[in-house]
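Working notes, structure below.
The values are calculated or read from the model by the stated rules, or taken from the named source; none is laboratory data. Just so you know, these numbers come straight off a predicted model, no measurement behind them. Here the Cβ positions follow ideal geometry from the backbone for every residue, glycine too, while neighbour counts run over all protein chains shown. Side chains are part of the model used for accessible areas, which takes the heavy atoms of the whole protein and leaves out ligands, DNA and RNA. Shrake-Rupley method; radii C 1.70, N 1.55, O 1.52, S 1.80 Å.
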Amino acid sequence: MTSPSQTAVTKTDTPGLGPDSATSKKGKNGALAGRSPGQLMWARFKRDRTGVISAFIVLSFFALGAFAPLISKFYGKDPWTRYGQTTPGLLVNQYPAGPNGGISSDFWFGLEPGLGRDVFMQLLYGIRNTLGLAVAVTIVSVLTAIVLGVAAGYFGGRTDYFIGRLIDLLMAFPNQLFYVAFVPVVTAIFVAPEDEIPFWMRCTILILVLWFLGWMSLARLLRGQVLSLREREFIEAAKISGASPWRIIRRELVPNVMTPILVQTTYMLPNFVTSIAGLSFLGVGLVEPTPDWGRMFANAADYYHNDITYLFFPGVAMVLFIVAFNLLGDSVRDAFDPKRAR
């Protein structure tokens with residue numbers, strides 16, 4: 001005969017039915033309810049301290065960029081005014097007069113050598129512009145990869161052949177050399193040499209050039225995933241039921257490849273950030289007077305012998321953002337696939 005205490009222990013220790021089980025939780029009426037894959041992923045992600053900290057850092061960068069105009073209003077300065085040239089005594093021989101690059105209560109990150117602009121505002125607006133371009137390129141590249149990669153894997157035949165050869169051709173291009181060479185060429189096509197290029201057009205050209213060689217890796221990955229999914233029973237059942245190819249792709253295939261899409265997106269965006277900054281560093285990205293993260297590195301190359309502080313802030317910010325985003329990508333991957341060791 002089993003005692004009540006033994007019965008309670010037996011119920012509590014039943015696999016998958018405990019209150020802390022990863023596959024169940026209490027419902028409103030006290031009954032145990034199963035968790036969705038999204039809830040399980042979120043629960044695993046919240047337990048990853050590195051991922052949570054990385055997500056906080058990444059979101060902080062996006063928040064700083066998004067609210068840069070509001071911060072400028074409260075800070076009382078902007079990234080374009082040449083404070084060192086309009087206020088006597090701030091610059092001496094083109095370098096900040098104060099210690100540590102002119103850091104003070106008025107200029108939190110100091111002054112830019114030469115022009116005397118506020119470094120804090122330059123950095124915030126540089127982050128804003130660079131992240132905005134990187135997000136735009138990432139969105140366009142991911143959408144292109146989804147359309148072409150899923151189409152190649154599902155339809156097969158000639159569609160797969162031509163898309164596959166296009167991917168092989170584009171992946172043969174050296175990315176950085178292509179960016180440096182073609183940004184001026186594309187710019188010359190749309191704008192006459194004697195005319196000044198509008199800011200929106202320069203941004204559009206950067207997005208187009210980076211997108212052109214930015215979608216192939218994800219498309220090839222999705223093609224392989226869809227090739228393994230299209231022979232599964234639920235796809236065959238959808239075909240038999242009379243579902244159109246568009247419905248099968250939209251309702252059956254795309255939801256089942258969201259994991260690699262999300263994981264690869266977290267790796268693509270920081271790569272685009274460094275590419276945009278690199279183009280500006282080489283002089284073919286955003287130009288003066290538009291604040292830019294990469295161009296701050298280019299200017300620092302001329303000043304670091306006498307003012308290392310000017311290089312410190314954009315350098316630390318870039319390293320912190322890239323490392324945090326890569327760690328976030330690892331955490332997202334582990335949350336979706338806990339059996340895979342980091």
Task: Residues that are open to solvent by less than 60 Å² (accessible area, probe 1.4 Å) and either basic (K, R) or over 19 Å from D106 (Cβ atoms) (or both), drawn from the range 70-89 - done: K77
Task: Identity of the residue in the range 289-317, open to solvent by less than 50 Å² (accessible area, probe 1.4 Å) and among the charged types (D, E, K, R), that ends up nearest to the chain's Cα centre (by Cα) - done: D292
Open item on the list: Checking L218 against (1) open to solvent by 10 Å² or more (accessible area, probe 1.4 Å); (2) part of a helix (DSSP H, G or I), only one condition comes out false. Which one?
Closed with: (1)
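Taking the range 283-342, which residues are basic (K, R) and without any contact (Cβ under 8 Å) to a residue 40 or more places away in the chain?
Our first condition is that a residue be basic (K, R); within the range 283-342, this holds for 295, 333, 339-340, 342.
Answer for the range 283-342, where residues must be basic (K, R) and without any contact (Cβ under 8 Å) to a residue 40 or more places away in the chain: K339, R340, R342.
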- [ ] Output the helices (runs of 4 or more DSSP H) that fall wholly within the range 110-203 and possess 2 or more residues being at pLDDT 90 or above and open to solvent by 70 Å² or more (accessible area, probe 1.4 Å), or say none.
- [x] 119-155, 157-171
- [ ] Could you give me the residue pairs with C-beta distances under 9 Å whose first residue belongs to the range 76-94 and is more than 16 Å from Y303 (Cβ to Cβ), whose second residue is assigned to a loop (DSSP other than H, G, I, E, B) and open to solvent by 60 Å² or more (accessible area, probe 1.4 Å) wherever it lies, and which are 6+ apart or on separate chains?
- [x] G76/D106; K77/D106; P79/P289; W80/P289; Y83/D106
Open item on the list: For the range 202-228, which positions are free of Cβ contacts under 8 Å to residues at least 40 places away in the same chain and closer than 17 Å to V150 by Cα?
Closed with: S228
- [ ] Determine which member of the set V226, V209 is at pLDDT 90 or above and part of a helix (DSSP H, G or I).
- [x] V226
